[in-house]
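A.B. asks: The structure that follows is given in the form of structure tokens.
The values are calculated or read from the model by the stated rules, or taken from the named source; none is laboratory data. Values in this document were obtained by computation on a predicted structure and should not be read as measured data. Ideal geometry is used to build each Cβ from the backbone, glycine not excepted, and the neighbour counts take in all protein chains shown.
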Amino acid sequence: MKTIFISKDIQDLITELSSLVSENKLTAQSLIDFQALPFDCPPLADITFFASIRAADFYLSKCNPGSHVAVAGKETARKIKDKYQLEIAFIAEESGNPVQEAVRFNSWRGEQTVIFPASNVSLGTYMKNVPETHKTMIKVYQTVAKQTRIEKHRIYVFSSPSNVSAFMQANEFPKDAIIIAWGNSTQKALQSHGIAVQHTLLKEQQVSLLAWLQTENFI
């Protein structure tokens, strides 16, 4: 039995985690794919909010981001800055706790209007506090399950509710598995399947995961 499975592809991992793949301690594989949806660019708003680098990729391939860019976490902010050289006006500090951060975002937003490029399965947490007259949600991509069989591991790290759903379609957990959730939304998705979560990563998830693995002597 291998030690760690994470539902992210190796190119999306920080160096310290990706190196564990070559050491045969970690399997890195996303269980979902992303496909573009047809959409028209909406009129510019004051803010464009990206919940992920994928939302940014699909939206910015066609549309102008407008005056201000807001994002749902530091990792997404780094990727958008590196890839698109955009300045980020708002960054969620605790990306694994979107309900809390949505309140902070709405307070920061004030009366500004917002465009939310999203997937077809977006939970819309950051949109819920924004009045209808101040927001536009546009579906720019869809999330598709791969239904991949995964070899049994000791530790499973799930990075999104969609990856949880895809895993459950084709796999089962060994009885002694340790389950790690990437934020509160993923934790709730696991618990909805009756899966006990041993640890939830709320902030700087990859760095936090690495620290947890070291503390627990798994690497």
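A.B. asks: Is it true that G73 is farther than 16 Å from V140 by Cβ and in the same structural domain as K135 (by TED's automatic domain parsing)?
C.D. replies: When the stated conditions are applied, G73 passes them.
A.B. asks: Right, next: Among the residues of region 45-83, count how many are part of a loop (DSSP other than H, G, I, E, B), of a type in the set (A, V, I, L, M, F, W, C) and in contact (Cβ under 8 Å) with a residue 60 or more places away in the chain.
C.D. replies: Counting residues in region 45-83 that are part of a loop (DSSP other than H, G, I, E, B), of a type in the set (A, V, I, L, M, F, W, C) and in contact (Cβ under 8 Å) with a residue 60 or more places away in the chain gives 2.
A.B. asks: Tally time: how many residues in region 102-114 are among the aliphatic types (A, V, I, L, M) and out of contact with any helix residue (DSSP H, G or I) (no Cβ under 8 Å at 6 or more places or on another chain)?
C.D. replies: Adding up the residues that qualify gives 2.
A.B. asks: Sort out which residues of region 122-136 are closer than 21 Å to K62 by Cβ and within 18 Å of the chain's Cα centre (by Cα), and write them in order of number.
C.D. replies: Matches in region 122-136: S122, M127.
A.B. asks: How many of the residues making up region 170-206 are among the charged types (D, E, K, R) and closer than 16 Å to S159 by Cβ?
C.D. replies: Residues that pass the stated criteria total 3.
A.B. asks: Moving to a separate point now. So is K175 assigned to a loop (DSSP other than H, G, I, E, B) and surrounded by 15 or more Cβ atoms within 10 Å (Cβ to Cβ) or not?
C.D. replies: no
A.B. asks: What number of residues within region 10-36 satisfy the criterion of being in contact (Cβ under 8 Å) with a residue 24 or more places away in the chain, assigned to a loop (DSSP other than H, G, I, E, B) and loosely packed, with under 13 Cβ neighbours inside 10 Å?
C.D. replies: 0
A.B. asks: Out of the residues in region 188-219 that are assigned to a helix (DSSP H, G or I) and free of Cβ contacts under 8 Å to residues at least 12 places away in the same chain, which is surrounded by the most Cβ atoms within 10 Å (Cβ to Cβ)?
C.D. replies: If we take residues in region 188-219 being assigned to a helix (DSSP H, G or I) and free of Cβ contacts under 8 Å to residues at least 12 places away in the same chain, then S208 is surrounded by the most Cβ atoms within 10 Å (Cβ to Cβ).
A.B. asks: Residues of region 84-105 being in a helix (DSSP H, G or I) and either hydroxyl-bearing (S, T, Y) or assigned by TED's automatic domain parsing to the domain that holds E204 (or both), which ones?
C.D. replies: Scanning region 84-105 gives a single hit, Y84.
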